[in-house]
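Notes follow the structure.
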C-alpha cells in the first residue's frame, strides 16, 4: 500500500486524502467506486452483514467524513426503541457514534477526521478509523437485531449483545 506520508522533499505535494483511502481499499481487496475526486464508496463483508463505507473529503473544513451503513432497515414502529438503544450505545463509544438515517431508515456509524492545515490523511488514523468502525458495528449489530426482530427493550438488547462468551462451541 502506498503511503500519503511518503515524499521526496518538503516541497513535494502529498496525495489527496481520498487517494490514501483508495489505496487502503484496494489493498484490502474490497469492492469500491470512486464517485468523484472527493468521494469513495466501498463494500465490506463482515461477520454480521455487508457494510457500505462512505468517505467524503470536505476541502473547506479540511475534514474526512466517514460513515459505515449497516444492512438493517428500521421500521417506523421500531424508531423510538432504536433511538433509545442508540443513546445507550453511544454512551459507550470513544470514537464516532451510531445514528439512524432519517432519509433511508438505516443504521449508520459515523466519524469525521479533522486533518488540520496539512489536509492530509495519514495512513494509520484512517485505517484505525475503519478498524474501529467495523469492530463497533460487529459488536453492536446483535443489539440492533434484538430490538428490531426480538422485541427486546433497548437495555435488554444491549445487555445481551455485550455478554462476553468464554470458549467456543
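Quick notes
- Stokes-Einstein translational diffusion, region 32-82 - Kirkwood Rh over all Cα pairs, 1.306 mPa s, 10 °C, in µm²/s: 124
- With neighbours defined as other Cβ atoms within 10 Å of a residue's Cβ, the residues 131, 159 order from fewest to most as 131, 159.
- Residue order, fewest to most surrounding Cβ atoms within 10 angstrom, among 30, 94, 149: 94, 149, 30
- With 5 Å bins from 0: P(r) over region 56-104, alpha-carbon pairs, percent: 4, 16, 22, 22, 17, 10, 7, 2
- Evaluated at q = 0.09, 0.12, 0.14 Å⁻¹, a Debye calculation over the C-alpha positions of region 21-169 (equal weights, vacuum) places log10 I(q)/I(0) at -0.31, -0.54, -0.72.
- Packing order of peptides 141-148, 65-72, highest average first: 141-148, 65-72 (average count of other Cβ atoms within 10 Å over each peptide's residues).
Just so you know, all these numbers are worked out from the coordinates, no wet-lab data involved. Just so we're clear, the structure is a prediction, and the values are computed from it rather than from any experiment. Backbone-built Cβ (ideal geometry, glycine too); neighbour counts: all protein chains shown.
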